[in-house]
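Following: one structure in structure tokens, then a few remarks.
The values are calculated or read from the model by the stated rules, or taken from the named source; none is laboratory data. Because the structure is predicted, anything quoted here is derived from the model rather than measured. Cβ coordinates were reconstructed from backbone atoms using ideal geometry, including for glycine residues, and neighbour counts include every protein chain displayed. SASA here: full protein model, heavy atoms, side chains in, ligands and nucleic acids out. Shrake-Rupley method; radii C 1.70, N 1.55, O 1.52, S 1.80 Å.
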Amino acid sequence: MKLHVLKSKIHNAIVTSGDLEYEGSITIDCELLELADMIPNEKVLVVNNNNGERFETYIIRGAHGSREIQLNGAAARCALPGDEIIIMTFALLDDAEARTFKPMVLIVDRKNNPKRRHRIGEENESLS
């Protein structure tokens with residue numbers, strides 16, 4: 001049996017901009033991607049903490065250090081600049097691996113600067 005489990009998430013990210021004319025996706029600072037164990041083109045579930053909206057899209061690599069979290073295309077209608085979101089990726093794992101897998105959590109501040117990260121069940125690594 002295969003199970004969908006949380007692989008990683010960026011917690012409390014702030015939407016910096018939106019581009020309705022772009023074909024779709026979410027652009028994320030590549031430094032944040034690396035810290036969160038995410039990759040370009042990976043499918044994400046995004047939750048808007050301001051309005052409860054949930055949507056899926058895929059990642060585009062943003063400029064290193066830009067702290068950019070830009071929603072593109074239709075996704076730009078799901079959250080406004082300044083909204084707080086959670087960005088999550090998932091993995092399909094065998095039952096045994098799913099029971100021991102520890103997702104990566106990256107927590108950012110109100111300017112999308114990385115504050116700390118950890119694997120669920122392990123000690124925080126301070127980044128500030």
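Going by what's in this entry, would GLU97 be described as open to solvent by 80 Å² or more (accessible area, probe 1.4 Å), part of a loop (DSSP other than H, G, I, E, B) and out of contact with any strand residue (DSSP E or B) (no Cβ under 7 Å at 6 or more places or on another chain)?
Numbers: open to solvent by 80 Å² or more (accessible area, probe 1.4 Å): yes; part of a loop (DSSP other than H, G, I, E, B): no; out of contact with any strand residue (DSSP E or B) (no Cβ under 7 Å at 6 or more places or on another chain): yes.
Answer is no for this residue.
Can you name the number of the only condition in (1) open to solvent by less than 60 Å² (accessible area, probe 1.4 Å); (2) more than 24 Å from SER126 (Cα to Cα); (3) touching a Gly at 6+ places or on another chain (Cβ under 9 Å) that VAL5 fails?
Condition (3) is where VAL5 drops out.
Within the range 14-74, considering only strands (runs of 3 or more DSSP E) that don't extend past its boundaries, which have at least 1 residues that are open to solvent by 30 Å² or more (accessible area, probe 1.4 Å) and either more than 22 Å from HIS118 (Cβ to Cβ) or at pLDDT below 95 (or both)? Quick ask: steps written out before the conclusion?
Numbers: elements: 17-19, 25-29, 43-48, 54-62, 69-72.
The qualifying strands (runs of 3 or more DSSP E) are 17-19, 43-48, 54-62, 69-72.
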